[in-house]
Each structure stands twice: as structure tokens, then as C-alpha cells.
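Worksheet: the structure to be examined is printed underneath.
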Amino acid sequence: MASNLRITPATEADIPVILRLIRGLARYERLSHEVVATEDDLRAALFGPHPAAEVIVARLDDQPVGFALFFHNFSTFLGRAGIYLEDLFVEPAHRGKGVGKALLHHLAKLAIQRRCGRLEWAVLNWNQPAIDFYHHAGAVAMNDWTVFRLTGDALVRFAG
């Protein structure tokens, strides 16, 4: 890991950086067309009266090069909160320098400090580099589970 790497909690001043990194992640995942978030959306969601998530930012030589966005979930079986990693992204030019590992390591330590029962996330099936990275970290794929999602019109119709 680079000695000039720092992982810090995001501040409201980081909102433009966070949105830039989210857009970079969307390009990588071939989902740019789905990004509708604005700086105002992120400000309200991350720093409003009831924050929905937290962000940590990775900086090399004080330049932001990656981020992780996460929030707490809960396991009824464990009777404990967990950390759900929604997004982890490192700019392509800075991959292979230990930035992703440092972000994941930071979250693992945070989960332990907060007495969480687990740290979990989802990965796109085609993203073999990420899958390999996570396997190398000791993560186990939950192949018996399928993620379901209600969104957009389907969510509105179901809520009726």
C-alpha cells in the first residue's frame, strides 16, 4: 500500500468529488444512463438531518482517487447490525496501488469497532477483477441468495 494514501470520512465539501467518482463507477459498470443523482441529492442523503449512508474517500497525495459508500443493515439471526457496502470504486489509473484493499480494510475495522456482525456487498457477475479481489480478501460469495429489487413504476404500482 502506498505510504501517501489516506482514508478519511467524507465531508460536505467532498460532494462534487463523490458525484464524480459515482459517475466513474457507473461508466465502469456500463450504467452511466442510470445516474440521476445530483449534488443536492447527495448533500441531503449524506449530510442532512437523517443521513442514509456514509462515505469514506481515499486520497493519494491528497488527491481523491476512490471512495466507498456504505450504510448499516441488520441481521435478525445475529441480532446485530452489519455494514452494507453499496459502492467501492478506485479510478482506473490508481488501481493496483492498494487503494481498494485499503478502503475495504478500513470498512472491516469500522465494522469491528461498531460491533457489527458482518460486512457484505454485491458484485456484478461479469466483474471478474472485483470478484477475484474479494475472494483474495477472504470474502465468500452467497450463491444461494438472489437479490430482488422494486424500483420506478413497479415500486409505485406495488405501493398502490
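Do you know which residues across the stretch 80-106 are out of contact with any strand residue (DSSP E or B) (no Cβ under 6 Å at 6 or more places or on another chain) and free of Cβ contacts under 8 Å to residues at least 40 places away in the same chain?
Once the filter is applied, which keeps residues that are out of contact with any strand residue (DSSP E or B) (no Cβ under 6 Å at 6 or more places or on another chain) and free of Cβ contacts under 8 Å to residues at least 40 places away in the same chain, the stretch 80-106 yields 80, 93, 95, 96, 104, 105.
Looking at the stretch 47-62 only, could you name the residues that are out of contact with any helix residue (DSSP H, G or I) (no Cβ under 9 Å at 6 or more places or on another chain) and open to solvent by 50 Å² or more (accessible area, probe 1.4 Å)?
49, 50, 61, 62
Select from the stretch 31-72 the residues that are without any contact (Cβ under 8 Å) to a residue 40 or more places away in the chain and assigned to a strand (DSSP E or B) and list them in ascending order. Please lay out each step first, then the result.
Step one: filter the stretch 31-72 for residues without any contact (Cβ under 8 Å) to a residue 40 or more places away in the chain, giving 31-53, 63, 65, 68, 70-71.
If the condition is that a residue be without any contact (Cβ under 8 Å) to a residue 40 or more places away in the chain and assigned to a strand (DSSP E or B), then 63, 65, 68, 70, 71 are the ones that fit.
Count, please, the residues in the stretch 8-44 that happen to be farther than 22 Å from residue 127 by Cβ, among the hydrophobic types (A, V, I, L, M, F, W, C) and either surrounded by 13 or more Cβ atoms within 10 Å (Cβ to Cβ) or touching a Lys or Arg at 6+ places or on another chain (Cβ under 7 Å) (or both).
5
The values are calculated or read from the model by the stated rules, or taken from the named source; none is laboratory data. Please read these numbers as outputs of a predicted model, since none were measured by experiment. Here the Cβ is made from the backbone with ideal geometry for all residues, glycine too, and neighbour counts use every protein chain on show. With ligands, DNA and RNA removed, areas are computed over all heavy atoms of the protein, side chains included. Shrake-Rupley method; radii C 1.70, N 1.55, O 1.52, S 1.80 Å.
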